[in-house]
Amino acid sequence: MSALFTDAFLTSLVLGALTAGIPLMLAGLGEQISEKAGVLNIGIEGMMLFGAYAGFLVAYHTGSIWLGFLGGAVGGMAVAVPMAVLCIRMGLSQIVIGIALTLGAEGLTALLHHFQFAQSYPRLPAVETLPIPGLSSLPVVGPALFDRPPIVYLAVLAVAVTAYVFRSTQFGLALQAAGDKPAALDAAGVDVVRVRTIAVLITGGLAGVGGAFMAEVGAGIFVPFMTNGAGFIGIVLAMQARGKPLWVLCGALLFGACLSATTALQVAGVSIPTDVIQMLPFAAVLTVLVLFGRKASLPPALGTHYVRGAR
Amino acid sequence: MSNTHTSTPDLTEAARLDRAAASAARAEIWRARGRVALLGIGPVIGALLLSALVLLALGVDPLAYYGFVIERGLINPYGLQATLTRMGPLLLLAAGLIVAFRAGIWNLGGDGQFLLSAVVVAALCPLLAPHLPAWLVLVVGLLVGALIGAVWSVLPALLKAYQGVNEIITTLMMTFLGVSFANVLVKLAFRDPATTVPQTRTLAVADRLPRLFDTTVSSGLLIGLVAVIAVHLVMTRTAFGLKLRIVGANPRAAIHAGLPVPALTVAVFAISAALAGLAGAVEILGVQGNVRADWNPHYAMTVIPLVFLARFNGFATIAFVFLFSVLSIGGESAARRTGVPNFFTLVVVAILLVMLGVAEYLDQRRRAAGK
């Protein structure tokens, strides 16, 4: 058991938590933005998966990791556009379209991958890291937290930016109102449909980058269905975080730690079935729900369609 | 027609008016039925055409692909029997979803309820088989499957009923938890010591659900059909169904009307999850015979769109489940022959959902414009 407490083990645990947690965090952050605006985005899994595929493809063909992330964002948004048109403009059920987009993205990416690469899974080169001077030489947390690819720092920065936008900008207020009382926002002269559309597109972009992170940084390859429920975990994170971006980050790291614990334990020579570890985060969140159930608050207008002047 | 305005309408006149009114009403009913049929069939045709474009873009001949799908899924006797067998568990899952969705409860946890009960049934029945008569093993298996499904929904049910916690999160989490738990059970507790790959003991083919007549179609199909039709009738024709629909349409009004909303919520969860569990049992007792580690067919997630497509109507659900079964069984064969992977079925279902939504939107706009 002493092997559990070596620097190598702890470093790989923290690093794994971060690598597994960042995509969850981006998805959760995206979901939070669209939930604030009153759109329950069940299609986030599809947005992530399409982002993963697009990001991988662009990075593979251009050799540029940054273009890859850009491709991921565009890929995620490409799935968000039908969501915006069908659910926000036309008012179709958000749950139906969300599930349709997820199924469609799963099928389409698997098909496209099949026709491009057949059974081969080409690998991307390892992503270069950007050590932060000073901090990166700390024991354990240094190499795990401060010697990461730049996108990691940007992702964490996105949490702060989102928190700032929510709290201190006109757009943040509009988002909040679009989810709480769309009619009031409308009366104030702001176009609810536009606010929600922008929110859903940002969601798609963030989820797409999250997916691209999985393919480019996490795995280095694209495998069909590789997001494997990460988008749904994002939904859970967003709902648990109750509108606070920082809580999304904390929750994502907790989930990430649980997901990466298996690998870390295997490194340390302890073999526990992956499935046991994977149950932990869900069991933890459920315990919280049982203890503090009633507090999981959601925007009142979540999941409802807003028609201008209907009320 | 000139005598319709005579000042003294006689009996035959009244009878003629009656008849005219009746035939107008009949025409109205037929027009409504035609509209519903058009709303159902139009999107299906549209989706098949759009999917054909996807195939063309991938360099595959759509006619050949659909030809193989229809040949294997619908015409070839073995294929058709496989299609019908696949319908059994899907129909049971759909029946569970109809109850929940009509009552306004989003039970997205079907996959966890399905898989966990499948694993328990697969572990239990081969052990019971040597000691009990075959029919009793099956009955016990089905009951245990339903029970396990229901048990797995207790937590979301109580949280929703008494704490108001959104069931979408809780059922999704219970699904992830259930899928992992099922794998843990297969790998650690219920593992068949006789095999090297982690899987449960296998129920002998002779001990499985009886086949229908002289075919390979599992009687699971019958169980599924009975369940869907029963659920449809209960939801549309009984007082209990009406109560559930009121809860679904407007929970606040339901409380005002004096309905025991929390108790009904728990009941809906129990029924819905028990049907999902029953689906797991039927899949094991009728088709698989055992559960391999990491097996998860994601049936519940794929059935959700079908139930929506059918607008929670039991009979329309049967039609859509049949269509999906043809596509998925036929797709497996078409995949081998045309090189299009099975995932294509997912794309078709997704396009179908979107097309149906759009058709409904256009219909609403048309009617709004007509008024």
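The values are calculated or read from the model by the stated rules, or taken from the named source; none is laboratory data. Small disclaimer: the values here were computed from a predicted structure and weren't measured. A quick note on method: Cβ atoms are made from the backbone with ideal geometry, for glycine too, and the neighbour counts reach across all protein chains shown. Heavy atoms of the whole protein, side chains included, go into the accessibility calculation; ligands, DNA and RNA do not. Shrake-Rupley method; radii C 1.70, N 1.55, O 1.52, S 1.80 Å.
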Seminar exercise, completed: The residue that is farthest from the other protein chains (Cβ to nearest Cβ), considering only those in the range B:141-174 that are open to solvent by 20 Å² or more (accessible area, probe 1.4 Å) and of a type in the set (Val, Ile, Thr), is B:144
For this session: Look at residue B:229 and say whether it is β-branched (Val, Ile, Thr), within 21 Å of the chain's Cα centre (by Cα) and closer than 30 Å to residue B:127 by Cβ.
Result: no
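Suppose we filter the range B:325-344 for residues that are more than 7 Å from every other protein chain (Cβ to nearest Cβ), buried (at least 16 other Cβ atoms within 10 Å of the Cβ) and assigned to a helix (DSSP H, G or I); how many remain?
From the range B:325-344, those more than 7 Å from every other protein chain (Cβ to nearest Cβ) are B:325-340, B:342; that's our starting set.
With the extra rule that they be buried (at least 16 other Cβ atoms within 10 Å of the Cβ), the set shrinks to B:325-335, B:338, B:340, B:342.
Filter again for assigned to a helix (DSSP H, G or I), leaving B:325-335, B:338.
Selection size over the range B:325-344: 12.
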Exercise. Does residue B:275 fit the bill of being away from chain A (no Cβ under 14 Å) and within 19 Å of the chain's Cα centre (by Cα)?
Worked result: yes
For this session: Can you work out which of the residues in the range B:193-214 that are more than 23 Å from the chain's Cα centre (by Cα) and more than 22 Å from residue B:130 (Cα to Cα) is least open to solvent (accessible area, probe 1.4 Å)?
Result: B:198
Problem set entry | residue A:215 of a type outside the set (Phe, Trp, Tyr) and either touching a residue at least 12 places away in the same chain (Cβ under 8 Å) or within 14 Å of chain B (Cβ to nearest Cβ) (or both) | yes
Seminar exercise, completed: Scanning the range A:196-209 for residues that are crowded, with 24+ Cβ neighbours inside 10 Å and more than 14 Å from the chain's Cα centre (by Cα) gives A:196, A:199
For this session: Among what's in the range A:249-275 and is away from chain B (no Cβ under 14 Å) and at pLDDT 75 or above, pick the residue that is farthest from residue A:28 (Cα to Cα).
Result: A:260
Problem set entry | Number of the exception - residue B:64 against (1) among the hydrophobic types (A, V, I, L, M, F, W, C); (2) touching a Ser or Thr at 6+ places or on another chain (Cβ under 8 Å); (3) under 30 Å from residue B:252 (Cα atoms) | (3)
Exercise. Condition test on residue B:184, is it open to solvent by less than 30 Å² (accessible area, probe 1.4 Å) and within 14 Å of another protein chain (Cβ to nearest Cβ)?
Worked result: yes
Seminar exercise, completed: Filtering helices (runs of 4 or more DSSP H) wholly in the range B:136-249 for at least 2 residues that are touching a Phe, Trp or Tyr at 6+ places or on another chain (Cβ under 7 Å) gives B:154-158, B:167-184, B:220-237
Exercise. From the residues in the range A:94-116 that are within 7 Å of chain B (Cβ to nearest Cβ) and either touching a Cys at 6+ places or on another chain (Cβ under 6 Å) or not aliphatic (A, V, I, L, M) (or both), which one is farthest from residue A:60 (Cα to Cα)?
Worked result: A:97
Exercise. Checking residue A:278 against (1) open to solvent by less than 10 Å² (accessible area, probe 1.4 Å); (2) within 14 Å of chain B (Cβ to nearest Cβ); (3) not charged (D, E, K, R), which test does it fail?
Worked result: (1)
Problem set entry | Test for residue A:241: is it open to solvent by less than 10 Å² (accessible area, probe 1.4 Å) and within 14 Å of another protein chain (Cβ to nearest Cβ) | yes
For this session: Could you give me the residue pairs with C-beta distances under 7 Å whose first residue belongs to the range B:182-202 and is touching a residue at least 40 places away in the same chain (Cβ under 8 Å) and farther than 17 Å from residue B:116 by Cβ, whose second residue is hydroxyl-bearing (Ser, Thr, Tyr) and surrounded by 13 or more Cβ atoms within 10 Å (Cβ to Cβ) wherever it lies, and which are 6+ apart or on separate chains?
Result: B:192/B:200
Exercise. Are any residues in the range B:293-318 in a helix (DSSP H, G or I) and free of Cβ contacts under 8 Å to residues at least 12 places away in the same chain, and if so, which ones?
Worked result: none
Seminar exercise, completed: In the range A:95-134, anything charged (D, E, K, R) and crowded, with 20+ Cβ neighbours inside 10 Å is listed as A:106
